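**Q** Okay, here's the structure, questions in a sec.
What follows is calculated from the coordinates using simple rules that are stated; it is not laboratory data. Being a predicted model, the structure only gives us computed values, none of them experimental. Note: ideal-geometry Cβ built from the backbone for every residue, glycine included; neighbour counts use all protein chains shown.
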Amino acid sequence: MRILILSMLIALSLANSPLEMLQSGESCDKNPSFNITSFIINPFPPGNSEQYAITFTGIFLSKETVHQIYIAQRKGTEKWHYTYQTVDKEYAKGTTETYNISLQAPAIKGPYTDQITLHRSDFSSLACWQYNYVI
């Protein structure tokens, strides 16, 4: 009887876990200076015009200054559209950092690709992460 109750409690807790919060996508930088160790999109996939949050964490592999986070989005094979978030912060080698971004999903149905990149002031990339979804 105890095993049955315990099994039911485990099943209920798993049913109520935040399954919409998943690590999605993959690195799009072959030699990043910021190694992304976790990239969470909540909810994923985002719905039509829905607000969603991105939280990503990583480790700086060398001393770096992050100037901006670029948020690039494109529908299908159309042109990329960019927005920017200024950081302007210096990090020592080995520093772990977490970034949070709030976005709104597109309203037009279709397949989308988003890229989140960290950039230095000379526009060179420190890290890139890409994910796909369909509205």
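**Q** In the stretch 43-135, which GluC sites (Glu not before Pro) fall in coil by DSSP and have 15 or fewer other Cβ atoms within 10 Å?
**A** When the GluC sites (Glu not before Pro) of the stretch 43-135 are filtered for loop state and at most 15 Cβ neighbours within 10 Å, Glu50, Glu78 remain.
**Q** Excluding same-chain residues fewer than 8 positions from Lys30, which lysines have a Cα within less than 28 Å of its Cα?
**A** Answer for Lys30, where 28 Å is the Cα cut-off: Lys63, Lys75, Lys79, Lys89, Lys93, listed by chain and number.
**Q** Could you size up the charge dipole of the stretch 19-134 around its Cα centre, putting +1 on the beta carbon of Lys and Arg and -1 on that of Asp and Glu, and report it in debye to the nearest 20?
**A** That gives the stretch 19-134 a dipole magnitude of about 200 debye.
**Q** Tell me which chymotrypsin sites (Phe, Trp or Tyr not before Pro) from the stretch 69-135 have a DSSP coil assignment and no more than 14 other beta carbons within 10 Å of their own.
**A** Working: sites: Tyr70, Trp80, Tyr82, Tyr84, Tyr91, Tyr99, Tyr112, Phe123, Trp129, Tyr131, Tyr133; in loops: Trp80, Phe123.
In loop regions of the stretch 69-135 (DSSP not H, G, I, E or B), the sparsely surrounded chymotrypsin sites (Phe, Trp or Tyr not before Pro) are Trp80, Phe123.
**Q** Now, a different point. Report Rg/Rh for the stretch 19-134, rounded to two decimals, where Rg is the Cα radius of gyration and Rh the Kirkwood radius.
**A** Rg/Rh: 0.97.
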